[in-house]
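Participant: Here you go, one structure.
The values are calculated or read from the model by the stated rules, or taken from the named source; none is laboratory data. What you are looking at is a predicted structure, and each value in this text was computed from that prediction instead of being measured. Reconstructed Cβ throughout: ideal geometry from the backbone, glycine too, with neighbour counts over all protein chains shown. Note: accessible area is taken over every heavy atom of the protein model, side chains too, but ligands, DNA and RNA are not part of it. Shrake-Rupley method; radii C 1.70, N 1.55, O 1.52, S 1.80 Å.
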Amino acid sequence: MLRWGVIGPGQIADDFTSTLHANSDQRVVAVGSRSADRAAAFAARHGIDTAHASYEALVADPAVQVVYVASPHPQHLEHALLAIAAGKHVLVEKPMTTSEADTRALAAAARAAGVLAMEAMWTRYLPGTTVIARLLADGALGTVHLASVDVGWPHDPDPTDRMFDPAQGGGALLDAGVYAHWFARFAVGAPVTSRTTGAVSDGGVDLQSVTVSTATGGAQAVATTSMTAWTPGLATIAGSTATIRYTDHFVFPASFALHHGADAEHWQEPTGLQGRQGLVWQAAALAQYVAEGRTESPVHDLDVSIGIAASLDAARAALDTAVPEQDTSAL
């Protein structure tokens with residue numbers, strides 16, 4: 001059991017806290033916000049003992065062992081550095097930051113402090129992903145040649161929505177696209193070359209994109225992301241002897257089929273958890289890593305987070321759109 005503090009009491013923090021309390025013995029014991037009212041309301045909803053009216057007070061709370069950073073992603077670096085400086089372990093919502101440079105800065109600070117820092121790439125910790133990782137490691141697909149993945153959730157055009165504001169980290173790539181670019185790397189390996197094409201809004205955020213990447217050895221991945229259309233998220237990994245095909249949206253707790261030509265073996269998601277209830281798995285993994293004395297995830301370490309940030313940087317650069325890096329000189 002770990003005692004958690006939450007920075008950023010928004011919707012994903014609501015879902016994270018709900019599944020922690022319902023499906024594990026870990027507990028959120030404090031929440032912090034610049035709005036005392038928001039913090040108090042979040043605490044009341046979840047039976048949390050302490051509501052802090054500042055992030056500084058939250059990370060200084062001696063009852064808090066690990067901080068979950070769920071603020072808007074342009075603020076991830078600042079808030080993670082606060083927690084790290086206070087000697088707290090930290091789980092940072094994905095994308096870990098809005099650039100490779102900022103992700104490197106976060107990783108360097110965590111490594112210097114000797115605390116565990118982990119990107120909240122929760123899909124990596126789901127039971128189905130764990131099984132697929134084992135199949136890949138065991139060579140059950142033969143030589144992997146190709147992967148495809150799509151993630152798209154439509155957003156109505158709204159100039160007041162952060163999704164359409166570059167300064168607030170808007171755009172599809174930093175929202176849904178981080179899942180697609182993670183999966184491409186997970187399936188075929190780190191890209192050595194990539195090419196991205198897509199569409200950009202008049203306000204300068206990416207609306208949709210397709211990235212084709214090639215890994216060492218020649219395996220290729222196609223990652224599609226959109227905030228103008230809904231896509232089913234039925235990812236595939238194709239090898240020389242077998243193919244994995246998800247039968248549910250891969251981001252969430254999901255089932256899949258392992259195809260050997262016309263024959264297929266089906267793996268069914270066994271836990272019954274649905275949607276964001278699956279957020280609990282990453283928290284369980286982090287608690288295990290802390291108990292083992294680790295400072296990085298063995299399945300999604302900080303170098304992987306840096307690599308994903310680099311891929312997102314490259315995709316946004318190809319579309320001539322990017323989120324400004326945060327100035328951390330005063331932090």
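Participant: Going by the conditions given, is Ala229 out of contact with any helix residue (DSSP H, G or I) (no Cβ under 7 Å at 6 or more places or on another chain), under 20 Å from Thr130 (Cα atoms) and either assigned to a loop (DSSP other than H, G, I, E, B) or at pLDDT 95 or above (or both)?
Facilitator: So Ala229 does not fit the description; no.
Participant: So, one more: What single numbered condition from (1) among the charged types (D, E, K, R); (2) within 19 Å of the chain's Cα centre (by Cα); (3) closer than 23 Å to Thr103 by Cα fails to hold for Asp15?
Facilitator: That leaves (3) as the condition not met.
Participant: While we're on this one: I'm trying to understand the selection: among the residues of the range 299-324, which are more than 30 Å from Gly203 (Cβ to Cβ) and open to solvent by less than 70 Å² (accessible area, probe 1.4 Å)?
Facilitator: Val299, His300, Asp301, Leu302, Val304
Participant: Could you give every pair whose Cβ atoms fall below 8 Å, whose first residue belongs to the range 207-224 and is outside any strand (DSSP E or B), and whose second residue is among the aliphatic types (A, V, I, L, M) and open to solvent by 30 Å² or more (accessible area, probe 1.4 Å), counting only separations of at least 6 or pairs across chains?
Facilitator: Note: pairs meeting the criteria are Thr216/Ala190; Thr216/Val192; Ala219/Val144; Ala219/Leu146.
Participant: On to the next question. Kindly check whether there is at least one residue in the range 235-248 that is closer than 24 Å to Gln208 by Cα, of a type in the set (A, V, I, L, M) and either touching a helix residue (DSSP H, G or I) at 6+ places or on another chain (Cβ under 7 Å) or open to solvent by 60 Å² or more (accessible area, probe 1.4 Å) (or both).
Facilitator: Within the range 235-248, one or more residues are closer than 24 Å to Gln208 by Cα, of a type in the set (A, V, I, L, M) and either touching a helix residue (DSSP H, G or I) at 6+ places or on another chain (Cβ under 7 Å) or open to solvent by 60 Å² or more (accessible area, probe 1.4 Å) (or both).
Participant: For the range 235-256: of the residues being in a loop (DSSP other than H, G, I, E, B) and of a type in the set (A, V, I, L, M, F, W, C), which is nearest to Trp267 (Cα to Cα)?
Facilitator: The qualifying residue nearest to Trp267 (Cα to Cα) is Ala254.
Participant: Take the range 268-284 and flag every residue that is within 18 Å of Asp14 (Cβ to Cβ) and of a type in the set (Gly, Ala, Ser).
Facilitator: Hits for the range 268-284 are Gly275, Gly278, Ala283.
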